[in-house]
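Structure first, then comments.
The values are calculated or read from the model by the stated rules, or taken from the named source; none is laboratory data. All of these numbers come straight from a predicted model, not from anything done at the bench. Neighbour counts are summed over all protein chains in view; Cβ atoms, including those assigned to glycine, are modelled from backbone coordinates with ideal geometry.
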Amino acid sequence: MLQKASDLRMLDVINLCDGRRLGHVYDLDMDVGTGEIKAIILPGPGSGLFGWRRSSEIVIRWEQIVRIGQDVILVDLPPTTGGYGL
């Protein structure tokens, strides 16, 4: 069981819809009043030279998380025509 929000950063995020590895969590969207996590945020697909500049973020709502395991976070995120940036 995870004990700290920082533990989420260590886990790969995998989309069950297509088996794609989406990356690692780099931020959380939280409700300050309740302390509940509303979404996890991942860096979007890289663009520019060597992917140094990110074009967008991938925001995955808490309801889209299927399971948080010891090694990965499994999500159900239907791919969009332009990639995963929401």
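Just a few scattered comments:
- Exclusive hit being loosely packed, with under 13 Cβ neighbours inside 10 Å and modelled with pLDDT under 85, set GLY69, GLY82, GLY44, GLY33: GLY82
- As a summary of the residue check, GLY19 satisfies the conditions (1) surrounded by fewer than 13 Cβ atoms within 10 Å (Cβ to Cβ); (2) at pLDDT below 90 except for the one numbered (2).
- Any hit, the stretch 11-32, residues being among the polar types (S, T, N, Q) and in contact (Cβ under 8 Å) with a residue 60 or more places away in the chain: yes
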